[in-house]
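As structure tokens, the structure follows; a few thoughts come after it.
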Amino acid sequence: MDILITGLILGGTYALIALGLNLQYGVSRIMNLANGEMLVIGAFVAFTLFTVGQVSPLLTIFLVAPLAYVLNWLIYRIMLRPLVNRAKNRGMLEVDAILTTFGLSFVMVGIMIWAFGGDYFSYSYLARPIVIFGDNFGLNRVVAFLCAAVLCAGLFLWLNVSRAGMAIRAVAVSPENARLVGIDVPKLSARAFALGGAVTAVGGAVISTFLTLDASTGVMFTMKALIIVIMGGVGDVRGTILAALVLGIGETFVASVIDPGLTLVAAYALFILILLFRPQGFFGRKPT
Amino acid sequence: MKRDEWKTLGWATALLAVAALLPLTGDGYLISLGVSIAMYTVLATSWALFSGPTHYISLATAAFFGIGTYVMGSGIEVLPYWVLLPIAGLIGGVLAALVGLATLRLSGVYFVIFTLGLAEMTRQGVTWYQNQTGHKGTYVLTDLTDNDIYWQLLGLAALVYLVGWGIGRSRLGFALRIIGDDEDVARHVGINTALSKVALFVVSGAVAAIVGAIIAPRYVYIEPSTAFTPMLSFQVVIMALLGGTGRLWGPLVGVIPFTLLWEAISSSFPNQTTLLLGLSFLAIVYLLPGGFVGLYDRLKGRAAKRSAMA
Amino acid sequence: MMANTVISLRGATKQFGGLVAVDNVSFDVREHEVLGLIGPNGSGKSTTLNLISGALPATDGEISLRGGTITGLPARQIARKGVSRTFQLVRLLPSMNVLENVMAGGVFGHRRRWGQSAERHAMQVLEKIGMADKAKSRVGQLTYIDTKRVELARALSGEPEVLLLDEWLAGLNPTELSEGIDLIHRLRDEGRTIILVEHVMDAIRSLCDNCVVMSSGKKIAEGTTDDVLSDPEVIRAYLGDDDA
């Protein structure tokens, strides 16, 4: 029970981060390998505001979200759009996007180390125990989970109900046909990329309430988010959330039963199973 | 063999002979730089053998390299050095085959993601195993000097070039070029695309593991965090792409300037290596697509056009 | 089944989710026959071709080549057994020259050659389709019909048992079209077995011995070209479903 709840709580925050990545990949078709750094930046802003001005991280997200939106929009327009335009085919864009976002990720880590040093940062926010089903859990973890759950639900509703959300889903399914029904695909790609970045940064601010991070931890989160997106299926919100919870529980299980140093091995075991048996994701159809 | 092929072979042998004279300078710093350059040349060239034609970006070099060092580290007490090198290659190759079979059927993104975490995952696994058995690292004590390591790496480089040249002339090499251009067409002309890709990935995995085994005596004491450094994978990718993967000699042209730059930056600004890595990636994408080889071909093409007009 | 049947489909079916693109289609192609696979847009012709070449796995039914089943085999094995194809949108190999593009079809295909012999054979094929002078050209410099010729040469250089042409004549201007029809005529006179997915009626009339007509995934008619083209149901399918 303990493992299940801890896993669910961890998975909930993973879901938020992976949703950001999935939004970016599903719509703009760019696998953003600098996604984890956006998370660290969000976490870092939350940390700074809390230690300097005692600002609650739950308020910080209202600052982080628009900032990250603008930053990611600029990244897309200035750096990625030219690659989309010059690519002769999907494969070329893929390679260019991988190299560029890796480059960006390293540049961001480099700048953060240069500006703030490579130390770990953490702060103590709501670090009180709370009892659920007879077991103790950190209140900050529970609050972070609730926060992530509210945001995921909000995003899910927005994608399914609103006009803009509908357009985004249309592009995710088929960019060519979306263009035919009058959707401005390039504009929407930029917006979805920006929104995805904002969601991930908010996830970073939330996760910083209970995890210790440093400038170079981003790549770990990128990797987990990527594995979740692949498990859940590209462009599939339900799948992403389910996959995040599975990964959260799987990791917690391995960490508490076998060894906390094996979390990535656990994630990889899941990844390999998915690659071998359901490469199209949990709910995905077989590609034809 | 054609005449210009003999000529290339002659030049290559002469260059190799000159390179082999480096230890005679007796300058420790130069020799250690030579070891680095030779090591990266082997790694980047074998990386490009696979990734050049297929466009799959492998970040698994560090994993194979680390496994090679561990094979040497754990076997040196039991088996002779010269037996361990092929064993390292064999284990690296088998691992590459397994990874390749699981991921190379799928698109490039899956492959990158998988290889990205491979080194870190193996490191976690080795650390866990060592904790279980209660020792932290292993000593590799041999009487091999930097000179010996350098010569071995040069020999391996020569071997990799020969293999690369042979593949380039073979059906397999032709198949890979077709796969790189259009995988659907490749399947429809009768190519076993998965097997061809796996075969080349096995070559690069085996070579990286052998390099790890050769380098191991240099570390003396091996622990997971020194053997599996994810940075190595990225360095190799950058060097190969900077030089260009279109020709066999391409990666070498990238290795030399980048190794010198890396040495300079990491000795004067040790915290800025990450930034350097990032900027290099961006520079390759935006300023030098195709690397130095691409630039050379473009210049040559322009010169040919000019002389045709004159 | 007759002794000289090359390709035979029995109940071939392809489903995409809820959509049945090819619905229980059966027909035979005999040696030296040129078969036209015709029908309105979206009637499942190209999908049928994709089932034969192994580009898509069939959901149900059986496809055989000279009596041996090829259902469910990957495209590369079907190619090796002697099925070659061209693509609806021309797909040449951009990094290679014309000669190498043609060799690509002969090195791994049905009759396999390598080195000097592969090069000589590819040259012969290029001579046959009238492109020997452009052997060393880069494919980016070719005219549209020449790219189509190169793709055809690539398909021929494996010396296939059967050749699948997916709208090979589409998009050509009137002069090119008559050159194109002549070229396929020559292949026909050599006695090749060909399945032709085509919209150009003139080409169908002058090239095809027999036709299979598809509409909404089903086979609605089969027979000699003249008979089929005057069948009222076929005319209705064309005029009813397709304004063109």
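Coordinate-derived values only; no laboratory data. All figures in this text were calculated on a predicted structure; none of them were measured in a lab. In this analysis, Cβ positions are derived from the backbone assuming ideal geometry, glycine residues included, and neighbour counts consider all displayed protein chains.
Does the protein assembly as shown come out rounded, prolate or oblate, given a ≥ b ≥ c as the square roots of the eigenvalues of its C-alpha gyration tensor, rounded meaning a/c under 1.5 and, failing that, prolate meaning a/b above b/c? Oblate. Region B:61-132 and region A:1-61 have their alpha-carbon centroids 32 Å apart. Simple spin-label estimate for A:L146 and A:L58 gives 0.6 nm between the two label positions (7 Å along the Cα-to-Cβ direction from each Cα).
Principal-axis analysis of the Cα atoms of chain C puts helix C:98-107 at an angle of about 70° to the longest axis.
Once you list every other residue whose beta carbon is under 9 Å from the beta carbon of C:F108, what net charge do they have if Lys and Arg are +1 and Asp and Glu are -1?
That works out to +4.
Partner aspartates and glutamates whose Cα lies under 16 Å from the Cα of C:K45, excluding those fewer than 8 positions away in the same chain, are identified as C:D23, C:D28, C:D166, C:E167, C:E198, C:E222, C:D241, C:D242. Here the 3J(HN,Hα) profile of region C:150-159, calculated from phi with Karplus coefficients 6.51, -1.76 and 1.60 at θ = phi - 60°, is 4, 5, 5, 4, 4, 5, 6, 6, x, 6 Hz, Gly and Pro shown as x.
Oblate is the label for region B:1-154, because the ratio a/c of its alpha-carbon gyration tensor axes (a ≥ b ≥ c) is 1.5 or higher and a/b is not greater than b/c. Taking the alpha-carbon distance from A:K187 and a cut-off under 20 Å, which aspartates and glutamates remain once sequence neighbours fewer than 8 residues away in the same chain are dropped? List returned: A:E94, A:E176. For the segment C:75-83, counting C-beta atoms of other chains within 10 Å of every residue's C-beta and taking the mean gives 4. Label 7 Å along Cα→Cβ of A:F277; region B:61-101 residues with amide nitrogen under 11 Å? Counting only backbone N, you get no residues. With a 10 Å cut-off around each Cβ of A:222-234, the average count of Cβ atoms from other chains is 2.
Computed from Cα atoms, the angle from the helix A:2-23 axis to the main principal axis of chain A rounds to 30 degrees. Look at the dipole of region C:105-244 built from charges on Cβ: of C:P232, C:G109, C:T193, the Cα furthest out on the positive end belongs to C:G109. Of B:S107, C:S157, the sequence from fewest to most neighbouring Cβ atoms within 10 angstrom is B:S107, C:S157.
Placing +1 on each Lys and Arg Cβ and -1 on each Asp and Glu Cβ, with no other charges, gives region B:3-309 a dipole about its Cα centre of roughly 980 debye. Among residues other than C:L163 with Cβ under 12 Å from its Cβ, the summed charge is -2 (Lys and Arg +1, Asp and Glu -1). In this structure, the residue pairs whose Cα-Cα separation is over 24 Å, taken from B:K2/C:K148; B:K2/C:K81; B:K7/B:K300; C:K14/C:K81; C:K14/C:K219; B:K7/B:K305, are B:K2/C:K148; B:K2/C:K81; B:K7/B:K305.
Length gained on full extension, B:L287 to B:N147, computed as 0.36 nm times the residue gap minus the Cα-Cα distance: 46.7 nm.
Among beta bridges from DSSP that stay inside the protein assembly as shown, the antiparallel ones total about 65%. The slack between B:L16 and B:I265, meaning 0.36 nm per residue of separation minus the straight C-alpha distance, is 86.8 nm.
What the Cβ-Cβ distance of A:R238 and B:Y139 gives, at R0 = 56 Å and to the nearest 0.05, is a FRET efficiency of 0.60. Helical runs (DSSP H, four residues minimum) scored at -39500 (n - 2.57) apiece and divided by the length of chain B put the mean residue ellipticity at 222 nm at -27000 deg cm²/dmol. Residues B:I238, A:I3 in ascending order of nearby Cβ atoms (within 10 Å, fewest first): A:I3, B:I238. Nearest 10 degrees is fine. How inclined is helix A:57-74 to the longest principal axis of chain A, computing both from alpha carbons? The answer is roughly 20 degrees. Using R0 = 51 Å, the C-beta based FRET efficiency linking A:F156 and B:R171 works out to 0.50.
Taking a Cβ cut-off of under 15 Å around A:A267, the surrounding Lys, Arg, Asp and Glu residues balance to a net charge of -1, with basic ones at +1 and acidic ones at -1. Here's the picture: a label point sits 7 Å out from the Cα of B:L79 along the beta-carbon direction, and within region B:147-183 nothing has its amide nitrogen under 18 Å of it. Membrane-span-like helices in chain B, defined here as complete DSSP H runs extending at least 24 Å along the helix axis by their C-alpha atoms with mean Kyte-Doolittle hydropathy no lower than 0.5, are B:28-54, B:81-103, B:146-169, B:193-219, B:250-268; this is a sequence and geometry rule, not a statement about a membrane. What number, rounded to the nearest 500 deg cm²/dmol, is the helix-based mean residue ellipticity at 222 nm of chain A, given -39500 (n - 2.57) per DSSP H run of at least four residues and division by all its residues? The helix contribution divided over chain A gives -24000 deg cm²/dmol. Of all aspartates and glutamates in the structure, the ones whose alpha carbon falls short of 15 Å from that of B:K197, not counting any fewer than 8 places away in one chain, are B:D181, B:D182, B:E183, B:D184. Each label point was placed 7 Å from the Cα along the Cα-to-Cβ direction; for A:N177 and C:S178 their separation is 4.3 nm.
For n ≥ 4 DSSP H runs only, could you compute -39500 (n - 2.57) per run for chain C, divide by its residues and tell me the 222 nm figure to the nearest 500? Per the formula, -11000 deg cm²/dmol. Region B:269-309 and region C:162-218 have Cα centres lying 47 Å from one another. Peptides A:165-172, C:13-20, A:55-62, C:115-122 ranked from most to least packed, by the mean per-residue count of other Cβ atoms within 10 Å: A:165-172, A:55-62, C:115-122, C:13-20. This ranking places A:C152, C:C211 by how few other beta-carbon atoms lie within 10 Å of each, fewest first, which gives A:C152, C:C211. Shown here are the Rg and Dmax of the Cα trace of chain B, at 19.8, 75 Å. Along region A:110-116 the Karplus relation, 6.51 cos²θ - 1.76 cosθ + 1.60 evaluated at θ = phi - 60°, assigns HN-Hα couplings of x, 5, 5, 5, 5, 7, 10 Hz to successive residues, with x for each Gly and Pro.
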